[in-house]
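Some notes on the structure that comes next.
The values are calculated or read from the model by the stated rules, or taken from the named source; none is laboratory data. Source: prediction; values computed, not measured. Neighbour counts are summed over all protein chains in view; Cβ atoms, including those assigned to glycine, are modelled from backbone coordinates with ideal geometry.
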Amino acid sequence: MRNGTILTMTLCVVIICSAVPALAATTEVSVVKYASDETTILNETTVTHSWMEANLPVQGDGVAHYFHQGPVFEGDCWDPDETTNLKDKGAVKGTDVRDLCDLVGGMSAGDEIKIRASDGFYKQLGYKNVYDPQLRQGPIVLCWYRDGNYVSDYEDGLQIVFFANDTVFGNWDMHECMAPEYWYNYSGIYPSTNGLSVRDVSEIAIYSNETTEITWNLELVGAINETMSKTEFEEGVACHNGFSYTDEKDMTWTGIPLWYLMGRVGDTSAHGSGAFNDTLADEGYDVTIIAGDGCSRTFDSADLARNDSYIVACYLNGSDLPELTDSGKPLAPLKLVGPCLASGEKIGNIVKIVLDLEVASAIDLTLIGNETRGYTLDEIKAMPSYTACGGFKKSTGTIIGPFNYTGVNITYLADLVGGITPSNSMKITASDGNATTLSRYPTST
């Protein structure tokens, strides 16, 4: 019975030991910087021990030994005199963790790092401990060399060692240099700086307070096409002091009236007081608002024309739109809101606005001045006529004419969109793109 018991215990010991694999020394480290959401990666890199030695300042001379302190079970557990249970980390060399952090953008006040071992064990440290350490703590060094050996022959490397100015990073040093949340306590009771000497380090992660810059684009399709960036859209909101609508839930939506956006692509005049083509809008065309999931709503241009009640909003209660509604539907970056809309028309997650300008094919002449107007050939013929004799010379030198021509005086056309002053000029563009520019008064020759 006794022999059997001994045998059973021996087998148990063998099984337990075999269940804990030996960790191999790491030879490279990943350095990652996360945004404030702790998920979005702002920057990352992976470097080997040989790259660190060749490219970053080397800490330690490979001769001086550095020590951490284990738990003190009798007397003062903080042991200010650093006399008990010192752990020799060897004659080490390595790279300052600060220099590694700088490879991915560095840390700022309030940031933290996690130094993680290959088995998942990690320790967190604050900005001051990495970037502004007290002398009694010294720089935090990722060591890749000890007692004449590089990793992987340095079996505990890559290993964290604190290079205190007296070569001993004791428990009382930890008390004086670190916030309590960063202390290591053996068994949850006994302070021990040795627990901060993470070995087999595989990752250094910076958890920053930086926010991710959200970007998006709004595609506008019409007589011309335009892609508005988030920045451009918000500049438009600021330029017009924002148009707001407060709904039945007392939520305030702020943005740009839809007709402003229509004016950017309704014809070839994208900006200015004459950008919106009233003639086209009154004749009627479809304006389709399209969401990121393909859902769309279509409106008549005549209803939207110069109507500030249809607002494409980018802000809700002064902040960017949330990604999702309370019911989990996509909302950002833009939502159509306003008192004229039924609930099913208040489309969110807008990514595209399309103007169906089939009516534009009936327009034979577009005038752009203080406003923009389009006319059909029949409408032009109904204008006051002007008849005169004239001709022109071709590029080959051949003279065509003179003939009697009947049409509309060009100054009459200019007056329809605000007139032309002596300091103005007029650009006349043909359907094939050829253009000429005329001044208010011809130059004498």
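The set of residues from the stretch 394-432 being more than 14 Å from LEU365 (Cα to Cα) and not in a loop (DSSP other than H, G, I, E, B) comprises ILE399, ILE400, GLY401, PRO402, PHE403, ASN404, TYR405, THR406, THR411, ASP415, SER425, MET426. The residues in the stretch 223-246 that are in a loop (DSSP other than H, G, I, E, B), more than 15 Å from VAL312 (Cβ to Cβ) and touching a strand residue (DSSP E or B) at 6+ places or on another chain (Cβ under 9 Å) can be counted, and the count is 1. If only residues of the stretch 363-393 that are in contact (Cβ under 8 Å) with a residue 40 or more places away in the chain and not in a strand (DSSP E or B) are counted, the one that is farthest from GLY255 (Cα to Cα) is ILE363. Of the residues making up the stretch 182-217, those that are in contact (Cβ under 8 Å) with a residue 60 or more places away in the chain and over 18 Å from THR84 (Cα atoms) number 18. Does at least one position in the stretch 134-141 carry a residue that is in contact with a strand residue (DSSP E or B) (Cβ under 7 Å, 6 or more places away or on another chain), in the same structural domain as ALA54 (by TED's automatic domain parsing), modelled with pLDDT of 95 or more and assigned to a strand (DSSP E or B)? The answer is yes, given that some residue of the stretch 134-141 is in contact with a strand residue (DSSP E or B) (Cβ under 7 Å, 6 or more places away or on another chain), in the same structural domain as ALA54 (by TED's automatic domain parsing), modelled with pLDDT of 95 or more and assigned to a strand (DSSP E or B). Every condition in (1) exposed (fewer than 13 other Cβ atoms within 10 Å of the Cβ); (2) among the β-branched types (Val, Ile, Thr); (3) within 30 Å of ARG297 (Cα to Cα) is met by THR406 except one, and the failing one is (3). Criterion applied to ASP111, ASP99, ASP173 was being touching a Lys or Arg at 6+ places or on another chain (Cβ under 6 Å), acidic (Asp, Glu) and assigned by TED's automatic domain parsing to the domain that holds ASN55, and the one residue passing it is ASP173. Quick one: would you say GLY195 is within 30 Å of VAL161 (Cβ to Cβ), assigned by TED's automatic domain parsing to the domain that holds CYS77, of a type outside the set (A, V, I, L, M) and in a helix (DSSP H, G or I)? The answer is yes for GLY195.
If we keep just the residues of the stretch 55-84 that are among the β-branched types (Val, Ile, Thr) and outside any strand (DSSP E or B), which is surrounded by the fewest Cβ atoms within 10 Å (Cβ to Cβ)? Among residues in the stretch 55-84 that are among the β-branched types (Val, Ile, Thr) and outside any strand (DSSP E or B), the one surrounded by the fewest Cβ atoms within 10 Å (Cβ to Cβ) is VAL63. Counting only residues that are more than 17 Å from THR376 (Cα to Cα), hydrophobic (A, V, I, L, M, F, W, C) and out of contact with any helix residue (DSSP H, G or I) (no Cβ under 6 Å at 6 or more places or on another chain), how many does the stretch 402-427 have? Here the count works out to 2.
Looking at GLY407, GLY391, GLY401, just one residue is out of contact with any His (no Cβ under 6 Å at 6 or more places or on another chain) and at pLDDT 85 or above, and that residue is GLY407.
For the stretch 98-105, the criterion of being in contact (Cβ under 8 Å) with a residue 40 or more places away in the chain, touching a helix residue (DSSP H, G or I) at 6+ places or on another chain (Cβ under 7 Å) and not aromatic (Phe, Trp, Tyr) is met by at least one residue.
Of the candidates ASP200, ASP250, ASP267, the single residue that is crowded, with 19+ Cβ neighbours inside 10 Å and at positive phi is ASP200.
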